[in-house]
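Working notes for the structure below.
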Amino acid sequence: MAFTNASRETGFAFSVDETFAIAAKLAMKNDSYRDHTAMKILILGGYGTFGGRLAHLLAGEERLTLIIAGRSEFKARAFSTHLARGARKVPLAFDRDADVEGQISAAKPDLVVDATGPFQFYGDDPYRVVKACISHGAHYLDLADGVEFVKGIEQFDEEAKARSLYVLSGVSSFPVLTAAVVRHLSRGLAQVTDIRGGIAPSPYAGVGLNVIRAIAGYAGKPVPLVRGGSRVSGYALTDSFRYTISPPGYAPLRNTRFSLVDVPDLYVLPQMWRELNSIWMGAGPVPAILHRMLSGLAWLVRLRLLPSLSPFARLFHFVTNVVRWGDHRGGMFVSVRGKRPTGELVERSWHLVAEGDDGPYIPSMAVEAIVRRSLNGTEPRAGARPCVDDLGLDDYESLFRARRICTGERESMPGTAPQPLYRRILGSAWDSLQEPLKAVHGRIADLEAHGLARVDRGQGWLAAVMATAFGFPQASDSVPISVSFQSRGDGELWRRTFGGKSFSSFQTRGEGRSEGLLSERFGPFAFDMALVVDGRNLLFVVRRWSFLGLPLPAGLAPTGNSYEFAEDGRFHFHIEIAHPLSGLIVRYSGWLVPSAQAQALGASFQNAAA
């Protein structure tokens, strides 16, 4: 703000004129200015999709005045009544097609946040809001996702610096969060050669019309990429690949198809990492059938059978907000490849999963973080630029912790010795396992373990048939158990013997749509499970199943509360297998110790087994 900038330049706390100005503000009836860090923020599109979420994020901050602006003052007023108490809320009718400078001057904001859009279609004078902010002396942020718009913001750099203002464009997940993640993942690397990222929104997130207009506008159109170290063109929504967002030790998202999108990252990140060999950014909207239909229509534009999908934007908006199903979860990933100073190749990835309604707030969190840093005395440096280095990953993590948002990292080094199966799947979550679990799952060599178990069998003929077909043990209050773990290529053969009766399964790392999961095969059946670390327990959560490689309905997949844990220095297990049609099939629980430890127990182990 003006007086803080002046105090830095003069070296004095406040000038006489500034003191009177501050006193006048503090004396204003019902004004929200509490101290010298108070801010008055004008949010354009303040009751829209992203602007509304930003207003919710900032509503509890008493040091703020939030001017909720949109075309309808009635809608702005109605929206404001649903915001949390704290900040002062002022509804305002604002028409960006009218006298923008006059409207901003009348509102007298310290900061203007443009959350309207689509920024790709702002007409002949796309920066009229920016110009008005600089003229009035207000800082400026926007959530633009249009590459050309974000690039063009740099033309105001000298004017912004002359007025000691920050003017930042693209203050959203793309490119602020992606750039922060790439900087974090590239630590210790001498060179970053490849960057890839994607966002997978929940089907229930609610997508604004302006977002759909932007997507429809660039679908099937050329998108600037870096491939093979050269500038080339991809085509939006027609270039796709599949990926699984899987924070270590957390239930991953379902394997998702991502399609190329036109975002500022494709321009700004190659400027920051000039040695890039390739960069790619995508989105993975669900349900998948709607995604494929949109990609098919984008191909018509690419083949010049249609000029644009823009005329269908309202239809797309209606369909995406009505036809939706699946898990109410969303996520994001960023991966980098590079070289250490020693020349070793490294691949690192960052994963985020957001539960329920918390994910849709992430695109607005960059603005929230900048506002909160400013309130605490740390403003962005003056100038006009794409917002790529004004926030770090730590700024986000502090906001994520307040919501149901989980993040984690993975790292692999091609050409290095293979790691144990569970360690490869769990990634950094491996370190949180208790030692008895690491002793069983952390070895490359074969292992034999012994112990005791209790077995319960389900009731009814169908449960009995299923248990017999898989070779599950008979019911017993206490039965000796031995398990052999044998390495077989990239997987493990588990042979379980209960009182002389055995059954086997083969475990391996899932591939394709089962990427990030543990795949366990019992004859022709395969069960793909998420390994989830929950406190001291390692949970096994069935996500997919198949017969002879053919996917089976998820609603008929086996269920049950299955987990491992450590107690009294021993490996403990609780495996429960049930089915929607039969109920409980089998449940067995108990403990195991390696053969050497069982031999050391000697007579005490034999007596317990007896």
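The values are calculated or read from the model by the stated rules, or taken from the named source; none is laboratory data. The shown structure was predicted, so the numbers you read here are calculated from the model rather than taken from an experiment. Methodologically, a virtual Cβ is constructed for each residue, glycine included, from the backbone with ideal geometry; neighbour enumeration extends over all protein chains shown.
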Review point. Has segment 101-114 got any residue that is part of a loop (DSSP other than H, G, I, E, B) and under 30 Å from Ala219 (Cα atoms)?
Key: no
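Against the condition outside the structural domain of Phe119 (by TED's automatic domain parsing), out of contact with any helix residue (DSSP H, G or I) (no Cβ under 7 Å at 6 or more places or on another chain) and in contact (Cβ under 8 Å) with a residue 24 or more places away in the chain, how does Ile405 come out, does it pass? Show your work before the answer.
Numbers: outside the structural domain of Phe119 (by TED's automatic domain parsing): yes; out of contact with any helix residue (DSSP H, G or I) (no Cβ under 7 Å at 6 or more places or on another chain): no; in contact (Cβ under 8 Å) with a residue 24 or more places away in the chain: yes.
No, not satisfied.
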Review point. What are the residue pairs meeting all of these: first residue in segment 231-252, first residue over 14 Å from Met281 (Cβ atoms), second residue of a type in the set (Phe, Trp, Tyr) and modelled with pLDDT of 95 or more, Cβ atoms under 7 Å, and 6 or more apart or on different chains?
Key: Thr238/Trp299; Ile245/Phe333
Practice item. Identify the single condition in (1) in contact with a helix residue (DSSP H, G or I) (Cβ under 7 Å, 6 or more places away or on another chain); (2) among the hydroxyl-bearing types (Ser, Thr, Tyr); (3) at negative phi that Ser164 does not satisfy, given that it satisfies every other one. Key: (3)
Revision key, fill the gap. Here the residues within segment 308-327 that are crowded, with 16+ Cβ neighbours inside 10 Å, more than 24 Å from the chain's Cα centre (by Cα) and in a loop (DSSP other than H, G, I, E, B) are Leu309
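Residues Pro414, Pro480: which one is part of a loop (DSSP other than H, G, I, E, B) and touching a residue at least 60 places away in the same chain (Cβ under 8 Å)?
Criteria check complete, one pass: Pro414.
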Study note, to complete from the structure: Among Tyr361, Tyr396, the single one that is in a helix (DSSP H, G or I) and surrounded by 22 or more Cβ atoms within 10 Å (Cβ to Cβ) is Tyr396
**Study point:** Hits in segment 179-201 - residues which are part of a strand (DSSP E or B), within 15 Å of the chain's Cα centre (by Cα) and within 19 Å of Leu345 (Cβ to Cβ)
**Key:** Arg196
Review point. Somewhere in segment 364-380, is a residue touching a strand residue (DSSP E or B) at 6+ places or on another chain (Cβ under 6 Å), closer than 21 Å to Asn255 by Cα and buried (at least 16 other Cβ atoms within 10 Å of the Cβ)?
Key: no
Exercise for review: Could you tell me whether any residue of segment 450-464 is assigned by TED's automatic domain parsing to the domain that holds Lys501, in contact with a helix residue (DSSP H, G or I) (Cβ under 8 Å, 6 or more places away or on another chain), within 30 Å of Gly427 (Cα to Cα) and not in a loop (DSSP other than H, G, I, E, B)?
Suggested key: yes
Exercise for review: Inspect all residues belonging to segment 408-426 and state whether any of them is outside the structural domain of Arg63 (by TED's automatic domain parsing), surrounded by 18 or more Cβ atoms within 10 Å (Cβ to Cβ) and farther than 22 Å from Ile245 by Cα.
Suggested key: no
Review point. Within segment 288-295, is there a residue that is touching a residue at least 60 places away in the same chain (Cβ under 8 Å) and either surrounded by fewer than 18 Cβ atoms within 10 Å (Cβ to Cβ) or closer than 24 Å to Leu168 by Cα (or both)?
Key: no
